[in-house]
Amino acid sequence: MKKIVLVLGILIVAAAAMSLESRVRAQAPATQTAARAERTTWYFYRVKWGFQEEFVDLFTRNHYPVLKEEIKAGRMTSVRTFVPTYHGDGRADWTFAVAITFKDSAAMMGPSGEDEIVRRLYPDQAKFKKEEQRRFEIVEAHWDVPLNELDLSARK
């Protein structure tokens, strides 16, 4: 009888440990798939109510050209922008999003060269800085989400 109780106890402890291990593994940060070097980050903005068009105009005029220059330089491979279809769509905590794909992790984490690009593209630095300040004055929240792509076809 003692052996049965001991074996059952061992089985219960082992099952609990496996369950805990799978929960910890499920919540651990995913690693980037090795199948593709490119890295994507989503940048979310929640713009104050009534200021969306002004934000998009300022972004288009002052930040988008800088991003396009970074594509030309080879640091990024694409820049895509998004807005929800309807007010209150989904979680409704963002009103403008940018998806930037970098050529690799080094490009994503390394220096951007943005300061030099800004000086070259915008000779009137006072105007540029004032408009960029305004762009962020009308933003209620901003967050970045670097993504790790999972290759589900390679999972077993």
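Read-outs: derived from the displayed coordinates by stated rules, not from any lab. Predicted, not measured: the structure shown is a model, and the values here were computed from it. Because the Cβ atoms are built from the backbone with ideal geometry, glycine has one as well, and the counts that use them run over all protein chains shown.
Take the Cβ-Cβ distance between residue 137 and residue 87 as r, set R0 to 25 Å, and report the resulting FRET efficiency rounded to the nearest 0.05.
0.70
Label-point separation (nm) for residue 116 and residue 53, each offset 7 Å from Cα along Cα-to-Cβ?
If labels sit at residue 116 and residue 53, their model points lie 3.9 nm apart.
Arranged from highest to lowest average of other beta-carbon atoms within 10 Å per residue, in what order do the peptides 106-117, 63-74 appear?
Ranked by mean Cβ neighbours within 10 Å, highest first: 63-74, 106-117.
Would you be so kind as to identify which of 82, 123, 109 lies farthest towards the positive end of the dipole of segment 44-156, taking Lys and Arg as +1 and Asp and Glu as -1 on Cβ and the Cα centre as origin?
Positive-most Cα among the choices belongs to 109.
Search the structure for amide H atoms under 5 Å from the amide H of residue 139, placed 1.01 Å from N in the peptide plane, and list their residues when 5 or more places away or on another chain.
It is 48, by chain and number.
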